[in-house]
Amino acid sequence: MPDKNQRIFTVSEITQDIKIILENTFSTLWVEGEISNFRAATSGHFYFTLKDKDAVLGSAMFSRANREIKFKIEDGLKVICFGKIDVYPPRGQYQLIVEKIEPKGIGAQQLAFEQLKNKLAKEGLFDPGHKKTLPLMPFRAGIVTSSAGAAVRDILQILQKGATCVDVVIRSVRVQGEGAAKEIASAVEDFNRFGEVDAIIICRGGGSVEDLWSFNEEVVARAIYNSAIPTISAVGHQINTTLSDLVADVFVETPSAAAKIIVDKKHALLSDLDGYKYELVAALSALISDLKNTLVALKHMLKSPLDRLLEKQQHLDELSVALNNHMRHCLSIVKERAFSLIKRLDALSPLAVLSRGYSLSMLAGEGTVIKDASGLKAGDAVKTILDKGAFISTVQEVLKDEQRKTIV
Amino acid sequence: MSKEKPSFEEDLKRLQKIVEELSSGKLSLGDSLKKYEEGIKLAQSCSQVLNDSQRKVELLMKKDSKFSLEKFVDEENPS
């Protein structure tokens with residue numbers, strides 16, 4: 001039993017005292033712990049438990065306070081909370097009423113970025129399979145940026161130098177600060193409604209992480225994801241990748257690089273076209289030379305009757321020339337032989353003997369040369385032919401036995 | 001949008017097909033000559049489109065959800 005002097009509290013009284021002591025002692029404090037049992041009630045209030053190795057602390061963050069949180073609170077997250085201890089008599093429980101919450105070890109913005117990135121990744125916004133290919137040649141490029149910024153000038157300059165065939169349509173937006181993300185997202189949607197561009201370049205020049213933050217916002221990421229027109233993200237920076245980069249079909253580090261993609265496409269196409277021209281010429285020449293060869297081969301195989309006639313004529317001409325030559329040759333041989341025969345005949349002619357002093361005698365009135373004296377009788381008239389001239393004489397006496405003497 | 005630009009990709013595809021057909025060597029001389037002529041014409045018109053220098057720079061304006069285009073004047077570089 002309690003001492004008579006000892007006070008007996010009612011539950012309400014003691015709870016009220018605890019409430020006063022606790023709430024006065026811990027009216028402002030920082031607590032570090034890990035989130036568990038997180039629950040967002042329909043009222044908009046957050047309820048969770050902060051815990052560490054050995055203890056837990058029930059916590060509540062009312063909607064008025066949690067509206068400002070950039071990142072998403074989830075179980076397992078290590079946080080530092082600012083707030084006060086509150087005792088809730090109906091349950092006899094104390095809890096931490098959280099006014100501010102910061103992720104531990106990492107900036108709230110960075111965490112928000114990582115969380116949103118993970119969420120969008122899970123939804124498939126960065127899927128390579130969803131990425132569209134740029135047109136072969138974007139002849140009309142839409143640009144989402146500030147019309148007063150350096151980005152648009154960089155792009156126009158490069159296109160002016162390298163690809164004047166490209167028309168440019170600019171949808172001017174704010175690229176940083178409150179509301180910029182919404183403008184950027186709307187501009188992407190506007191281009192899709194407008195329809196008459198082949199590609200959309202979403203860009204801005206370099207700046208701090210905060211300056212570029214609009215390109216990390218969910219509306220921008222979703223607008224780019226939903227664009228039916230291929231997108232190029234070119235948010236001028238080199239270290240961090242924005243969500244717009246991750247979602248866009250193509251991403252480059254600077255607006256200039258985006259313009260260069262288009263210029264490069266043009267040059268590649270021009271050299272392709274040269275290649276095609278060359279191939280056309282080569283293919284046709286090959287065909288023609290093939291046909292020529294075939295034609296020559298066919299010509300050899302197939303002689304025309306005219307060709308044959310000509311060939312025969314030529315042969316005939318050749319033969320007739322040969323014949324002529326042969327004839328001439330034969331004639332000259334015959335001629336020569338005739339000459340030598342004539343010479344020999346000359347030598348054999350009796351008339352030739354006359355010139356050497358011989359003479360021929362015949363009975364006058366007869367043509368027969370007298371070779372035998374026995375046919376003669378005295379008184380016969382004899383005609384004697386000499387080399388030059390002739391005479392007629394009368395036989396006086398016949399000498400039958402007179403022997404022929406050797407005539408020298 | 002200038003008239004020949006939308007047909008650029010089609011022209012290019014057609015050209016690629018012609019090059020393929022002609023290179024196959026399966027066409028007659030008459031067909032080859034026709035395709036050659038068409039191909040060279042396509043290649044030239046495509047190159048011409050790429051070398052076109054008549055570019056326009058415009059601002060997309062929106063009023064009462066209607067779009068219009070305005071000439072863009074670069075204040076730092078009015079040309």
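To two decimal places, what compactness ratio does the stretch B:8-71 give when its Cα radius of gyration is scaled by 2.2 N^0.38 Å? Spell out each step's value before the answer.
Details: Rg = 19.4 Å, N = 64, 2.2 N^0.38 = 10.7 Å.
For the stretch B:8-71, the normalised Cα radius of gyration is 1.82.
Expressed as a fraction of 2.2 N^0.38 Å, the rule-of-thumb size for a compact globular protein of N residues, what is the C-alpha radius of gyration of the protein assembly as shown? Numbers along the way, then the final one.
Numbers: Rg = 63.5 Å, N = 487, 2.2 N^0.38 = 23.1 Å.
Output field value: 2.75.
Whole angstrom only: what separates the Cα centroid of the stretch A:182-253 from the Cα centroid of the stretch A:8-69?
Here the two parts' Cα centres lie 42 Å apart.
How charged is the neighbourhood of residue A:184? Take every other residue with its Cβ under 14 Å from the Cβ of residue A:184, and add Lys/Arg as +1 and Asp/Glu as -1. Can you show the working numbers first?
Working: positive: A:171, A:174, A:182, A:204, A:222; negative: A:178, A:183, A:189, A:190, A:211, A:217, A:218, A:245.
Surrounding charge for residue A:184 is -3.
At a 1.4 Å probe, which residues in the stretch B:49-69 are at least 50 Å² less accessible with all protein chains present than in their chain isolated?
B:50, B:55, B:56, B:58, B:60, B:62, B:67
At 0.36 nm per residue, minus the direct Cα-Cα distance, what do residue A:399 and residue A:80 gain on full extension? Give it in nm, one decimal, please. Write out the running numbers ahead of the final one.
Numbers: separation 319, 0.36 × 319 = 114.84 nm, distance 19.15 nm.
Length gained, residue A:399 through residue A:80: 95.7 nm.
Using a probe radius of 1.4 Å on protein heavy atoms only, what is the accessible area buried between chains A and B, both sides summed, to the nearest 100 Å²? Write out the running numbers ahead of the final one.
Numbers: alone 27610 and 7380 Å², together 31130 Å².
Between A and B, the summed buried area is about 3900 Å².
How many percent of the accessible area of the stretch B:22-79 is carbon or sulfur, using a 1.4 Å probe? Kindly include the intermediate steps, with their values, before the conclusion.
On the way: 1970 of 4060 Å².
Whole-percent figure for carbon plus sulfur exposure: 48.
Per residue of the stretch A:227-233, in order, report the coupling 6.51 cos²θ - 1.76 cosθ + 1.60 (Karplus, θ = phi - 60°) as ³J(HN,Hα) in whole Hz, putting x for Gly and Pro.
For the stretch A:227-233, the Karplus curve yields 5, 7, 8, x, 10, 10, 9 Hz.
Between residue A:226 and residue A:14, what is the spin-label point distance in nm, taking each point 7 Å from the Cα along the Cα→C-beta axis?
That separation, rounded to one decimal, is 5.9 nm.
Rounded, prolate or oblate: which one fits the stretch A:354-394, using the alpha carbon gyration tensor with axes a ≥ b ≥ c (rounded when a/c is under 1.5, else prolate when a/b beats b/c, else oblate)? Kindly include the intermediate steps, with their values, before the conclusion.
Numbers: a/c = 2.16, a/b = 1.65, b/c = 1.31.
Verdict is prolate for the stretch A:354-394.
Per the helix-only calculation at 222 nm, which mean residue ellipticity applies to chain A, given -39500 (n - 2.57) for every DSSP H run of n ≥ 4 and division by its residues, nearest 500 deg cm²/dmol?
Values: 10 runs with 173 residues, N = 408.
Rounded to the nearest 500, it is -14500 deg cm²/dmol.
Determine the relative contact order of the stretch A:133-267: mean sequence separation of Cα pairs under 8 Å and six or more apart, normalised by residue count, in whole percent.
On the way: 288 pairs, mean separation 40.0, N = 135.
Dividing the mean separation by the residue count of the stretch A:133-267 yields 30 percent.
How high is the FRET efficiency from residue B:34 to residue A:264, r the C-beta distance, R0 25 Å, rounded to 0.05?
Values: r = 34 Å, r/R0 = 1.36.
Working from the Cβ atoms, E equals 0.15.
With angles folded into 0 to 90 degrees, how steeply does helix B:8-24 sit against the dominant principal axis of chain B? Use alpha carbons for both and round to 10.
20 degrees
State the antiparallel share, in %, of DSSP beta bridges confined to chain A, rounding to the nearest 5.
Values: 37 of 56 bridges.
Looking only at bridges with both residues in chain A, the antiparallel portion is about 65 percent.
Under the Karplus relation 6.51 cos²θ - 1.76 cosθ + 1.60, θ = phi - 60°, what is the ordered set of whole-Hz ³J(HN,Hα) values for the stretch A:70-80, x standing for Gly and Pro?
Going residue by residue, I get 7, 9, 9, 7, 8, 4, x, 6, 8, 9, 10 Hz, with x marking Gly and Pro.
Take residue A:72 and residue B:44, extend 7 Å from each Cα along the Cα→Cβ direction, and tell me the distance between the two endpoints in nm.
Computed distance between label sites residue A:72 and residue B:44 equals 6.1 nm.
Which whole-number percent gives the relative contact order of chain A, counting Cα pairs below 8 Å spaced six or more residues apart? It would help to have the intermediate numbers written out before the result.
Values: 583 pairs, mean separation 35.0, N = 408.
Value for chain A: 9 percent.
Placing +1 at every Lys and Arg Cβ and -1 at every Asp and Glu Cβ, with all other atoms neutral, what dipole size does the stretch A:300-349 have around its Cα centre, in debye to the nearest 20?
So the magnitude is around 220 debye.
Just to verify a number: FRET efficiency for residue A:43 and residue A:281, C-beta to C-beta distance, R0 = 51 Å, to 0.05? All intermediate terms of the calculation are to be shown ahead of the outcome.
On the way: r = 78 Å, r/R0 = 1.54.
Using R0 = 51 Å, I get an efficiency of 0.05.
If I build a Gaussian network model for chain A, linking alpha-carbon pairs within less than 10 angstrom, which residue out of A:148, A:347, A:108 has the largest mean-square fluctuation?
Result for chain A, Cα springs under 10 Å: A:347 fluctuates most.
Highest GNM mean-square fluctuation, chain A, Cα pairs closer than 10 Å: which of A:389, A:205, A:162?
A:389
Over the stretch A:133-267, one equal point on each Cα, no solvent: what is log10 I(q)/I(0) by the Debye formula at q = 0.13, 0.17, 0.18 Å⁻¹?
The Debye formula, applied to the Cα set alone, gives -0.44, -0.77, -0.88.
Is there a simple number for the mean count of other chain Cβ atoms within 10 Å of the Cβ of residues in A:158-166, and what is it? Numbers along the way, then the final one.
Values: counts 0, 2, 5, 0, 0, 5, 6, 11, 6.
Rounded to a whole number, the mean comes out at 4.
Considering the stretch A:192-309, what Rg and Dmax in Å follow from its alpha-carbon atoms?
In order Rg, Dmax, the Cα atoms of the stretch A:192-309 give 28.7, 98 Å.
What are the residues of the stretch B:26-47 that lose 50 Å² or more of accessible area, with a 1.4 Å probe, going from their chain alone to all protein chains?
B:29, B:36
Arrange the peptides A:66-75, B:9-18 so that the one whose residues have, on average, the most other Cβ atoms within 10 Å appears first. Don't jump to the answer; show the numbers that get you there.
Numbers: A:66-75: 14.4, B:9-18: 16.5.
Packing proxy ranking, top to bottom: B:9-18, A:66-75.
Can you tell me the FRET efficiency between residue A:347 and residue A:319 if r is taken as the Cβ-Cβ distance and R0 is 56 Å, rounded to the nearest 0.05? Working shown, then result.
Numbers: r = 42 Å, r/R0 = 0.76.
Result of the calculation: an efficiency of 0.85.
With a 1.4 Å probe and every protein chain left in place, work out the accessible area per residue of the protein assembly as shown in Å², rounded to a whole number.
64 Å²
Around residue A:363, which amide H atoms from residues at least 5 apart in sequence, or from another chain, sit under 5 Å from its own amide H, with H modelled in the peptide plane?
For residue A:363, whose amide H was placed from the backbone, the distant partners under 5 Å are A:368, A:370, A:383.
Could you please state, rounded to a whole Å, how far the C-alpha centre of the stretch A:79-143 is from the C-alpha centre of the stretch A:147-181?
Measuring centre to centre over Cα atoms gives 30 Å.
Using the scaling law 2.2 N^0.38 Å as the reference, what is the normalised Cα Rg of the stretch A:11-105?
Numbers: Rg = 13.4 Å, N = 95, 2.2 N^0.38 = 12.4 Å.
This ratio for the stretch A:11-105 stands at 1.08.
For the stretch A:275-296, list whatever residues lose no less than 20 Å² of accessible surface once every protein chain is in place, relative to that chain by itself, with the probe at 1.4 Å.
Going by heavy-atom accessible area, the residues of the stretch A:275-296 that drop by at least 20 Å² are A:276, A:277, A:279, A:280, A:281, A:283, A:284, A:287, A:291.
Pairs B:13/B:35; A:72/B:62; A:131/B:62; A:266/B:66; A:72/A:122; A:343/A:388: which are spaced more than 24 Å apart, C-alpha to C-alpha? Can you show the working numbers first?
Details: B:13/B:35 14 Å; A:72/B:62 36 Å; A:131/B:62 28 Å; A:266/B:66 32 Å; A:72/A:122 15 Å; A:343/A:388 21 Å.
A:72/B:62; A:131/B:62; A:266/B:66, as the Cα separations exceed 24 Å there.
Carbon-plus-sulfur fraction of the accessible area of the stretch A:55-203, 1.4 Å probe, in percent? Mind dumping the intermediate values first?
Numbers: 3420 of 6930 Å².
Exposed carbon and sulfur together represent 49 percent of the surface.
Two decimals, Cα atoms only, Kirkwood Rh: what is Rg/Rh over the stretch A:257-322?
Values: Rg = 27.3 Å, Rh = 16.9 Å.
Across the stretch A:257-322, the Cα-based Rg/Rh ratio is 1.61.
Please report, as a whole percent, how much of the solvent-accessible surface of the stretch A:258-329 comes from carbon and sulfur atoms (probe radius 1.4 Å).
Values: 3530 of 5550 Å².
That fraction is 64 percent.
What is the dipole size for chain A, taken about its Cα centre, with +1 at each Lys and Arg Cβ and -1 at each Asp and Glu Cβ, in debye to the nearest 20?
Working: 51 positive and 50 negative charges, 400 e Å.
Here chain A has a charge dipole of around 1920 debye.
The values are calculated or read from the model by the stated rules, or taken from the named source; none is laboratory data. Remember, predicted model here, so these are calculated numbers, not experimental data. Cβ sites come from the backbone with ideal geometry, for glycine too, and all protein chains shown count toward neighbours. Accessible surface areas use protein heavy atoms only, side chains included; no ligands, DNA or RNA. Shrake-Rupley method; radii C 1.70, N 1.55, O 1.52, S 1.80 Å.
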